[in-house]
């Protein structure tokens, strides 16, 4: 039975935030029985999460992945402490917290490259702590892509209530966006989100594509680049539609349920709409990587860390997406 389950690496997130208490709560959920789970991190961090959540996750502890025998249970803790028993202060960034996160993440990515785990689900990271701890990348997605030797296009997907978004450009100044709005650049996230949603169980995703300019008419990009990209996507068998004006696209696609996802041209055109409809339910999926990697879309929430007030739902949904995508990928 254990051999038929997906192996999922679960990371605790920043030890000074709400990640450890959320993962503690997640491990008590029934859906976790569907997978073989390896929690990767320092044992005292999860112990602290258990104290906050009030859960008693009696996990089998190992110091090496090769010590795991899933025939004897489906939840193991891979302890990377190596004799260290560091105590992390809640609600503050630190070099030590960033180093702990990076060590756990790098080990999980190594295990993924060895096909010992088929998905990764992680509690929220803190970018400042990770940079203090030695991360040289702008975000964790670029770190993951380099570690996993990704040469093709990759991007972040954001999800609320199983409605997905992808973007052509991300964290760049708005003044630089237009020069990136080219047909081939637009096609890449359209194709990527279409394939990702198929792995998540939607056989024929309805892909909306946003315009760049107000009302899709005050500029040349729609005619010259966006519409040709949509037409090319249709020729490739993708159910693409648009361009939709940004100001009504989430009403049309999300609220009225006319589409399953939206591809947008720039960060705020997507994030403003998605967060307005469901900031507290968001999930982030790292797109274009060889295995599903997911996390709740919210941050480390230092203001409520340690108070047992964190909402489990985004973490639970992120785990479900990672599991579903990995299960479906294993059938291909």
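Annotations for the structure displayed:
- Scanning region 234-254 finds one or more residues that are in contact (Cβ under 8 Å) with a residue 60 or more places away in the chain and over 28 Å from residue 126 (Cβ atoms).
Yes or no, residue by residue, for (1) outside the structural domain of residue 321 (by TED's automatic domain parsing); (2) assigned to a helix (DSSP H, G or I); (3) farther than 21 Å from residue 295 by Cβ; (4) in contact (Cβ under 8 Å) with a residue 24 or more places away in the chain:
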| residue | (1), (2), (3), (4) |
| --- | --- |
| 9 | no, no, no, yes |
| 14 | no, no, no, yes |
| 17 | no, no, no, yes |
| 22 | no, yes, no, yes |
| 31 | no, yes, no, yes |
| 37 | no, no, no, yes |
| 56 | no, no, yes, no |
| 77 | no, no, no, yes |
| 97 | no, yes, no, yes |
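- Condition check for residue 68: more than 14 Å from residue 123 (Cα to Cα) and either surrounded by 17 or more Cβ atoms within 10 Å (Cβ to Cβ) or at pLDDT 95 or above (or both): yes
- Note on region 219-332: enclosed helices (runs of 4 or more DSSP H) holding 3 or more residues that are buried (at least 23 other Cβ atoms within 10 Å of the Cβ) and within 13 Å of the chain's Cα centre (by Cα) are 313-330.
- Residues that are touching a residue at least 12 places away in the same chain (Cβ under 8 Å), over 13 Å from the mean Cα position of the chain (by Cα) and either assigned to a loop (DSSP other than H, G, I, E, B) or crowded, with 16+ Cβ neighbours inside 10 Å (or both), drawn from region 106-127: 107, 108, 109, 111, 112, 116, 117, 118, 126, 127
The values are calculated or read from the model by the stated rules, or taken from the named source; none is laboratory data. Since this is a predicted model, take the numbers as computed values, not measurements. Glycine gets a Cβ as well: all are built from the backbone with ideal geometry, and neighbour counts include every protein chain shown.
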